[in-house]
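Since the structure comes first, as structure tokens, the remarks are kept for the end.
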Amino acid sequence: MKILMVCLGNICRSPLAEGIMKHKVLEHGLDWQVDSAGTGSWHVGKLPDERSIDVAQTHGLDITDQRARQFQASDLDRYDLIFAMDASNYQDIIRMASDEGQKSKVEMIMNMVQPGMNQVVPDPYWGDDGFENVYQMLDAACAKVIEKYNS
Ligand code: 4NP
């Protein structure tokens, strides 16, 4: 299984999703690849946001090996599952898909917890208090990913 986590900047939400997912993959002894990307290019090459690094560290995860990169159309071939954090990430990815097979790989990540509800992982970039909430949402969603695809 190859999983890609996608948000807008690839510095706040999707690096946390990548770190949490990688940790659970290791815990379960799975041979899965996990990466993350942003639909935007502003932060390419940068470390995750300090607030994401901090909340990850609070939960025992080190995400400082990550560097932001931009989502590209070829990711729709390279990955089996592509999880969008919100509706705008989802639409941006779907717009780049070339066929139904590619589109079927893309899902809003919180639909793993509440299927079909299209709940968004709120963008915490402009405030200071959203990071723990984002962590908890992604932790629940990643647990469901393991449950669903670990067979
Ligand atoms: P992310 O958060 O998509 O969770 O990485 C953001 C980071 C940067 C910006 C927006 C959202 N920005 O506009 O620079």
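The values are calculated or read from the model by the stated rules, or taken from the named source; none is laboratory data. The model shown is predicted, which means the values in this text are computed figures rather than measured ones. Cβ atoms come from the backbone with ideal geometry, glycine included; neighbour counts cover every protein chain shown.
With respect to ASP75, is the statement that it is acidic (Asp, Glu) and either within 12 Å of the ligand (Cβ to nearest atom) or more than 11 Å from the chain's Cα centre (by Cα) (or both) true? Criteria met by ASP75.
Only one of the numbered conditions (1) without any contact (Cβ under 8 Å) to a residue 60 or more places away in the chain; (2) in a loop (DSSP other than H, G, I, E, B); (3) polar (S, T, N, Q) is not met by SER36, and that is (2). Scanning the stretch 21-33 for residues that are of a type outside the set (D, E, K, R) and either more than 9 Å from the chain's Cα centre (by Cα) or over 23 Å from GLN70 (Cα atoms) (or both) returns HIS23, VAL25, LEU26, HIS28, GLY29, LEU30, TRP32, GLN33.
The number of residues in the stretch 131-151 being within 16 Å of the ligand (Cβ to nearest atom) and either within 15 Å of the chain's Cα centre (by Cα) or modelled with pLDDT under 95 (or both) comes to 10. Checked against (1) part of a loop (DSSP other than H, G, I, E, B); (2) under 13 Å from the mean Cα position of the chain (by Cα); (3) among the aromatic types (Phe, Trp, Tyr), TRP42 passes all but condition (2).
Pairs are defined by a Cβ separation below 6 Å, a sequence spacing of at least 6 or placement on different chains, a first member in the stretch 43-57 that is hydroxyl-bearing (Ser, Thr, Tyr), and a second member that is not in a helix (DSSP H, G or I); the pairs so defined are SER52/CYS12. Considered as a group, the residues in the stretch 8-45 that are more than 16 Å from the ligand (Cβ to nearest atom) and of a type in the set (Val, Ile, Thr) include one that is farthest from MET85 (Cα to Cα), and that residue is VAL25. The condition of being buried (at least 22 other Cβ atoms within 10 Å of the Cβ), part of a loop (DSSP other than H, G, I, E, B) and either among the basic types (Lys, Arg) or within 11 Å of the ligand (Cβ to nearest atom) (or both) holds for PRO48. In the stretch 80-90 there is at least one residue that is within 12 Å of the ligand (Cβ to nearest atom), surrounded by fewer than 18 Cβ atoms within 10 Å (Cβ to Cβ) and either under 26 Å from GLY127 (Cβ atoms) or of a type in the set (A, V, I, L, M, F, W, C) (or both). The residue of the stretch 105-127 that is nearest to GLU18 (Cα to Cα), among those that are assigned to a loop (DSSP other than H, G, I, E, B) and within 13 Å of the ligand (Cβ to nearest atom), is VAL121.
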